[in-house]
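First the structure, in the form of C-alpha coordinates, and then the observations on it.
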Amino acid sequence: MNNRIKIFIKNSLYPIYRLYKYAYFEYGKKHPMWMANKLYKKNFGRSINWDNPTEMNEKIRWMQFYGDTRIWTDLADKYKVRKFIEGKGYGDILVPFLGVWYDAKDINFSSLPKSFVIKTNHGCGDVFVIKDKSQVDLELLRSKMQGYLKTPFGYENVELHYLSIKPCIIAEEMLPTDCDFSSSMVDYKFYCINGKPYCCGVFYDRDPVTHHTNSTFYDMNWIRHDEWRNPQIKTLSKDIPQPHTLNKMIQACNDLASDFPFVRLDFYEANNRLYFGEFTFTPAALTGGSMSNILCEEIGSKINLSDYLKR
(Lines give C-alpha, C1' and ligand atoms only; values in the text may rest on other atoms or scores of the structure.)
Protein backbone atom coordinates (compact mmCIF):
# COMPACT_ATOMS: atom_id res chain seq x y z
CA MET A 1 0.00 0.00 0.00
CA ASN A 2 1.54 3.30 -1.05
CA ASN A 3 1.78 6.31 1.21
CA ARG A 4 -0.98 8.27 -0.55
CA ILE A 5 -3.51 5.53 0.13
CA LYS A 6 -2.34 5.25 3.75
CA ILE A 7 -2.75 9.01 4.25
CA PHE A 8 -6.21 8.92 2.62
CA ILE A 9 -7.37 6.09 4.89
CA LYS A 10 -5.92 7.77 7.96
CA ASN A 11 -7.59 11.09 7.18
CA SER A 12 -10.90 9.38 6.38
CA LEU A 13 -10.96 7.39 9.60
CA TYR A 14 -9.73 10.17 11.88
CA PRO A 15 -13.20 11.79 12.38
CA ILE A 16 -14.57 8.36 13.30
CA TYR A 17 -11.72 7.85 15.76
CA ARG A 18 -12.35 11.29 17.30
CA LEU A 19 -16.06 10.53 17.65
CA TYR A 20 -15.24 7.19 19.30
CA LYS A 21 -12.85 8.86 21.75
CA TYR A 22 -15.43 11.51 22.61
CA ALA A 23 -18.17 8.93 23.20
CA TYR A 24 -15.78 6.78 25.26
CA PHE A 25 -14.76 9.75 27.40
CA GLU A 26 -18.34 10.98 27.93
CA TYR A 27 -19.50 7.49 28.91
CA GLY A 28 -16.58 7.24 31.33
CA LYS A 29 -17.53 10.54 32.98
CA LYS A 30 -21.00 9.17 33.70
CA HIS A 31 -19.72 5.72 34.73
CA PRO A 32 -16.44 6.35 36.57
CA MET A 33 -16.22 2.89 38.11
CA TRP A 34 -16.41 1.33 34.65
CA MET A 35 -13.76 3.75 33.42
CA ALA A 36 -11.50 3.02 36.39
CA ASN A 37 -11.69 -0.67 35.61
CA LYS A 38 -10.91 -0.11 31.91
CA LEU A 39 -7.85 1.96 32.79
CA TYR A 40 -6.66 -0.59 35.32
CA LYS A 41 -7.01 -3.43 32.83
CA LYS A 42 -5.10 -1.42 30.22
CA ASN A 43 -2.18 -0.90 32.61
CA PHE A 44 -2.13 -4.16 34.54
CA GLY A 45 -3.70 -6.70 32.19
CA ARG A 46 -6.62 -7.66 34.43
CA SER A 47 -9.80 -6.21 35.88
CA ILE A 48 -10.01 -4.81 39.39
CA ASN A 49 -11.04 -7.36 41.98
CA TRP A 50 -13.51 -5.17 43.85
CA ASP A 51 -14.27 -7.94 46.36
CA ASN A 52 -10.65 -8.71 47.24
CA PRO A 53 -8.21 -6.04 45.99
CA THR A 54 -4.56 -6.78 46.71
CA GLU A 55 -2.23 -4.53 44.67
CA MET A 56 -1.59 -0.89 45.64
CA ASN A 57 -3.33 0.81 42.70
CA GLU A 58 -6.21 -1.65 42.94
CA LYS A 59 -6.72 -0.89 46.63
CA ILE A 60 -6.63 2.86 46.02
CA ARG A 61 -9.32 2.43 43.34
CA TRP A 62 -11.35 0.52 45.93
CA MET A 63 -10.92 3.38 48.41
CA GLN A 64 -12.09 5.87 45.77
CA PHE A 65 -15.48 4.19 45.41
CA TYR A 66 -16.08 2.57 48.79
CA GLY A 67 -14.42 4.97 51.23
CA ASP A 68 -14.77 8.55 52.37
CA THR A 69 -12.29 10.52 50.28
CA ARG A 70 -13.62 14.02 50.92
CA ILE A 71 -10.43 15.12 52.68
CA TRP A 72 -8.44 14.07 49.60
CA THR A 73 -9.84 17.13 47.82
CA ASP A 74 -8.61 19.63 50.40
CA LEU A 75 -5.17 18.06 50.72
CA ALA A 76 -4.64 17.63 46.97
CA ASP A 77 -5.45 21.34 46.60
CA LYS A 78 -1.99 22.93 46.43
CA TYR A 79 -3.38 26.15 47.93
CA LYS A 80 -5.69 24.85 50.67
CA VAL A 81 -3.17 22.29 51.87
CA ARG A 82 -0.96 25.08 53.19
CA LYS A 83 -3.46 25.70 56.00
CA PHE A 84 -3.44 21.99 56.90
CA ILE A 85 0.37 21.93 57.03
CA GLU A 86 0.43 25.01 59.26
CA GLY A 87 -2.19 23.46 61.54
CA LYS A 88 0.05 20.44 62.01
CA GLY A 89 2.88 22.69 63.18
CA TYR A 90 4.89 22.45 59.96
CA GLY A 91 4.43 25.97 58.61
CA ASP A 92 8.21 26.37 58.51
CA ILE A 93 8.54 23.79 55.70
CA LEU A 94 6.15 25.55 53.31
CA VAL A 95 7.72 27.17 50.26
CA PRO A 96 7.41 30.97 50.67
CA PHE A 97 4.17 32.16 49.08
CA LEU A 98 3.93 35.01 46.55
CA GLY A 99 0.29 35.24 45.49
CA VAL A 100 -3.01 33.62 44.48
CA TRP A 101 -5.35 34.53 41.61
CA TYR A 102 -8.66 33.07 40.44
CA ASP A 103 -8.37 34.73 37.04
CA ALA A 104 -5.12 34.92 35.07
CA LYS A 105 -6.03 38.47 34.03
CA ASP A 106 -5.44 39.56 37.62
CA ILE A 107 -1.82 38.38 37.80
CA ASN A 108 0.43 41.37 38.41
CA PHE A 109 3.75 40.12 37.08
CA SER A 110 5.47 43.39 38.03
CA SER A 111 4.88 42.56 41.70
CA LEU A 112 6.61 39.20 41.37
CA PRO A 113 10.37 38.78 41.76
CA LYS A 114 12.73 38.07 38.88
CA SER A 115 12.43 34.30 39.43
CA PHE A 116 9.42 32.37 40.71
CA VAL A 117 7.30 29.24 40.23
CA ILE A 118 3.72 29.57 39.01
CA LYS A 119 1.16 26.77 38.80
CA THR A 120 -2.47 25.83 39.22
CA ASN A 121 -3.67 24.30 42.46
CA HIS A 122 -5.73 21.53 40.88
CA GLY A 123 -3.79 20.09 37.94
CA CYS A 124 -0.75 18.03 37.12
CA GLY A 125 2.15 19.35 35.07
CA ASP A 126 0.65 22.87 35.02
CA VAL A 127 3.88 24.27 36.46
CA PHE A 128 6.22 26.90 35.06
CA VAL A 129 9.62 27.53 36.60
CA ILE A 130 10.46 31.12 35.69
CA LYS A 131 14.18 31.77 36.14
CA ASP A 132 14.12 35.27 34.64
CA LYS A 133 10.79 36.87 33.90
CA SER A 134 12.43 39.45 31.62
CA GLN A 135 13.19 36.58 29.22
CA VAL A 136 9.61 35.26 29.21
CA ASP A 137 6.59 36.24 27.13
CA LEU A 138 4.43 37.04 30.15
CA GLU A 139 1.23 37.52 28.15
CA LEU A 140 1.68 34.09 26.59
CA LEU A 141 2.26 32.70 30.08
CA ARG A 142 -0.91 34.44 31.27
CA SER A 143 -2.85 32.88 28.40
CA LYS A 144 -1.54 29.41 29.18
CA MET A 145 -2.40 29.76 32.86
CA GLN A 146 -5.91 30.88 31.97
CA GLY A 147 -6.31 27.79 29.81
CA TYR A 148 -5.11 25.52 32.62
CA LEU A 149 -7.43 27.30 35.03
CA LYS A 150 -10.45 26.45 32.87
CA THR A 151 -9.41 22.84 32.24
CA PRO A 152 -11.14 20.34 34.54
CA PHE A 153 -8.62 17.86 35.87
CA GLY A 154 -9.69 14.47 37.16
CA TYR A 155 -11.97 12.97 34.50
CA GLU A 156 -9.42 11.44 32.17
CA ASN A 157 -7.80 9.14 34.74
CA VAL A 158 -10.76 8.97 37.16
CA GLU A 159 -9.12 11.04 39.90
CA LEU A 160 -12.46 12.46 40.95
CA HIS A 161 -11.28 14.19 44.12
CA TYR A 162 -9.56 16.82 41.94
CA LEU A 163 -12.87 17.85 40.36
CA SER A 164 -14.13 19.40 43.61
CA ILE A 165 -11.10 21.73 43.92
CA LYS A 166 -11.88 25.37 43.22
CA PRO A 167 -9.20 26.19 40.60
CA CYS A 168 -6.78 29.02 41.18
CA ILE A 169 -3.26 30.06 40.20
CA ILE A 170 -0.54 30.33 42.83
CA ALA A 171 3.01 31.62 42.77
CA GLU A 172 5.81 30.60 45.12
CA GLU A 173 9.46 31.48 45.51
CA MET A 174 11.81 29.45 43.31
CA LEU A 175 14.01 27.27 45.48
CA PRO A 176 17.67 26.97 44.46
CA THR A 177 18.81 23.83 42.66
CA ASP A 178 21.92 23.34 44.73
CA CYS A 179 22.75 19.66 44.18
CA ASP A 180 25.33 18.37 41.71
CA PHE A 181 23.49 15.22 40.62
CA SER A 182 20.36 16.74 39.08
CA SER A 183 19.66 19.40 36.49
CA SER A 184 16.37 20.21 38.22
CA MET A 185 14.86 20.42 41.67
CA VAL A 186 14.81 16.94 43.22
CA ASP A 187 11.50 15.41 44.35
CA TYR A 188 11.69 13.07 47.33
CA LYS A 189 8.44 11.11 47.18
CA PHE A 190 7.60 9.05 50.27
CA TYR A 191 5.02 6.27 49.93
CA CYS A 192 3.35 6.14 53.35
CA ILE A 193 1.27 3.29 54.75
CA ASN A 194 -0.77 3.94 57.90
CA GLY A 195 1.34 6.99 58.62
CA LYS A 196 4.69 5.30 58.19
CA PRO A 197 6.93 5.88 55.14
CA TYR A 198 7.73 2.59 53.43
CA CYS A 199 10.01 3.79 50.64
CA CYS A 200 11.20 6.92 48.87
CA GLY A 201 11.26 7.54 45.15
CA VAL A 202 13.86 10.13 44.19
CA PHE A 203 12.90 11.92 40.97
CA TYR A 204 15.59 14.06 39.34
CA ASP A 205 16.68 15.60 36.00
CA ARG A 206 13.12 16.72 35.26
CA ASP A 207 12.61 17.98 31.71
CA PRO A 208 10.98 21.45 31.97
CA VAL A 209 8.83 20.84 28.87
CA THR A 210 7.80 17.17 28.99
CA HIS A 211 8.17 16.82 32.79
CA HIS A 212 9.85 13.46 32.20
CA THR A 213 12.18 12.52 35.07
CA ASN A 214 14.71 9.88 36.04
CA SER A 215 14.12 7.97 39.25
CA THR A 216 15.71 5.80 41.92
CA PHE A 217 14.02 4.07 44.86
CA TYR A 218 15.28 3.70 48.44
CA ASP A 219 14.10 2.13 51.67
CA MET A 220 14.14 4.07 54.92
CA ASN A 221 17.73 3.06 55.65
CA TRP A 222 18.64 4.67 52.32
CA ILE A 223 19.46 1.36 50.65
CA ARG A 224 18.80 1.43 46.91
CA HIS A 225 16.27 -1.06 45.47
CA ASP A 226 16.43 -1.28 41.69
CA GLU A 227 13.81 -4.06 41.76
CA TRP A 228 11.29 -1.39 42.88
CA ARG A 229 11.80 0.58 39.68
CA ASN A 230 9.70 -0.07 36.58
CA PRO A 231 11.88 -2.34 34.38
CA GLN A 232 10.44 -0.73 31.23
CA ILE A 233 12.29 2.50 32.06
CA LYS A 234 15.42 2.43 29.90
CA THR A 235 17.46 5.14 31.63
CA LEU A 236 19.88 3.86 34.26
CA SER A 237 19.13 4.26 37.93
CA LYS A 238 21.98 5.95 39.77
CA ASP A 239 23.07 6.35 43.37
CA ILE A 240 21.60 9.41 45.05
CA PRO A 241 23.21 10.77 48.22
CA GLN A 242 21.07 10.61 51.33
CA PRO A 243 19.37 14.00 51.84
CA HIS A 244 20.60 16.00 54.81
CA THR A 245 17.02 16.29 56.08
CA LEU A 246 16.04 12.62 55.72
CA ASN A 247 15.22 12.22 59.41
CA LYS A 248 13.06 15.34 59.29
CA MET A 249 11.33 14.01 56.17
CA ILE A 250 10.54 10.73 57.93
CA GLN A 251 9.24 12.54 61.03
CA ALA A 252 7.06 14.79 58.86
CA CYS A 253 5.61 11.70 57.18
CA ASN A 254 4.82 10.21 60.59
CA ASP A 255 2.98 13.37 61.61
CA LEU A 256 1.30 14.43 58.36
CA ALA A 257 0.26 11.02 57.01
CA SER A 258 -0.92 9.50 60.29
CA ASP A 259 -4.63 9.60 59.35
CA PHE A 260 -4.37 7.78 56.04
CA PRO A 261 -4.06 4.09 55.08
CA PHE A 262 -2.02 5.29 52.10
CA VAL A 263 -0.72 8.59 50.78
CA ARG A 264 2.40 9.79 49.01
CA LEU A 265 4.13 12.79 50.56
CA ASP A 266 6.52 14.84 48.42
CA PHE A 267 9.35 16.99 49.74
CA TYR A 268 12.21 19.14 48.47
CA GLU A 269 15.55 20.00 49.99
CA ALA A 270 17.33 23.31 49.38
CA ASN A 271 20.25 24.79 51.29
CA ASN A 272 19.98 21.77 53.60
CA ARG A 273 16.43 22.82 54.52
CA LEU A 274 13.28 20.74 54.19
CA TYR A 275 10.34 21.98 52.10
CA PHE A 276 6.89 20.48 51.62
CA GLY A 277 5.78 19.60 48.09
CA GLU A 278 2.32 18.03 48.01
CA PHE A 279 -0.02 15.22 49.07
CA THR A 280 -0.73 12.65 46.35
CA PHE A 281 -3.44 10.05 46.93
CA THR A 282 -3.40 8.62 43.39
CA PRO A 283 0.30 8.36 42.41
CA ALA A 284 1.01 8.41 38.66
CA ALA A 285 -2.76 8.45 38.08
CA LEU A 286 -2.76 4.83 39.35
CA THR A 287 -0.89 3.53 36.30
CA GLY A 288 2.15 2.30 38.23
CA GLY A 289 4.36 4.90 36.60
CA SER A 290 7.99 4.54 37.68
CA MET A 291 7.13 1.82 40.19
CA SER A 292 7.61 -1.86 39.42
CA ASN A 293 4.80 -4.37 39.92
CA ILE A 294 6.93 -5.84 42.72
CA LEU A 295 6.76 -2.59 44.70
CA CYS A 296 3.06 -2.06 43.94
CA GLU A 297 2.32 -5.56 45.26
CA GLU A 298 4.48 -5.03 48.36
CA ILE A 299 2.76 -1.78 49.27
CA GLY A 300 -0.66 -3.19 48.44
CA SER A 301 -0.15 -6.12 50.79
CA LYS A 302 0.37 -3.67 53.68
CA ILE A 303 -2.61 -1.36 53.10
CA ASN A 304 -5.36 -2.35 55.54
CA LEU A 305 -8.74 -1.56 54.01
CA SER A 306 -10.69 -2.79 57.03
CA ASP A 307 -8.92 -0.11 59.05
CA TYR A 308 -9.96 2.42 56.39
CA LEU A 309 -13.64 1.59 56.91
CA LYS A 310 -13.35 2.38 60.61
CA ARG A 311 -12.31 5.97 59.98
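Figures for the structure shown
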{"item": "Cα pair count fraction exceeding 18 Å, expressed as % - the range 97-208", "result": "59 percent"}
{"item": "Proximal charge balance of Phe97 [Cβ under 10 Å; K/R count +1, D/E count -1]", "result": "-1"}
{"item": "D (Stokes-Einstein, µm²/s), Kirkwood Cα radius, the range 192-237, 1.002 mPa s at 20 °C", "result": "182 µm²/s"}
{"item": "Principal axis box of the range 233-284, alpha-carbon based, largest edge first, Å", "result": "35, 29, 14"}
{"item": "Fraction in percent of alpha-carbon pairs per bin - 20 Å, the chain", "result": "29, 58, 13, 0"}
{"item": "All Cα pairs of the range 18-103, percent lying beyond 19 Å", "result": "59 percent"}
{"item": "Kirkwood-Stokes translational diffusion coefficient of the range 186-311, alpha-carbon pairs, 10 °C, 1.306 mPa s, µm²/s", "result": "106 µm²/s"}
{"item": "Protein-only accessible surface order, largest first, of Lys150, Lys302 at 1.4 Å", "result": "Lys150, Lys302"}
{"item": "Heavy-atom accessible surface of the chain: percent carbon and sulfur, 1.4 Å", "result": "52 percent"}
{"item": "The chain: relative contact order in percent, alpha carbon pairs under 8 Å with at least 6 residues between", "result": "20 percent"}
{"item": "Dimensionless Rg ratio for the range 10-169, taking C-alpha atoms and the 2.2 N^0.38 Å reference", "result": "1.29"}
{"item": "Eligible lysines near Lys42 by straight Cα distance, threshold 28 Å, same-chain separation 8 or greater", "result": "Lys6, Lys10, Lys21, Lys29, Lys30, Lys59, Lys189, Lys234, Lys302"}
{"item": "Residues Phe181 and Val136, FRET efficiency given R0 of 22 Å [Cβ-Cβ distance, rounded to 0.05]", "result": "0.20"}
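The values are calculated or read from the model by the stated rules, or taken from the named source; none is laboratory data. Note that the structure is predicted; figures quoted are calculated from it, not measured. Quick reminder, even Gly has a Cβ in these numbers, built from the backbone with ideal geometry, and neighbours come from all protein chains shown. Each accessible area value is taken on the protein alone, full model and side chains, heavy atoms only, with ligands, DNA and RNA left out. Shrake-Rupley method; radii C 1.70, N 1.55, O 1.52, S 1.80 Å.
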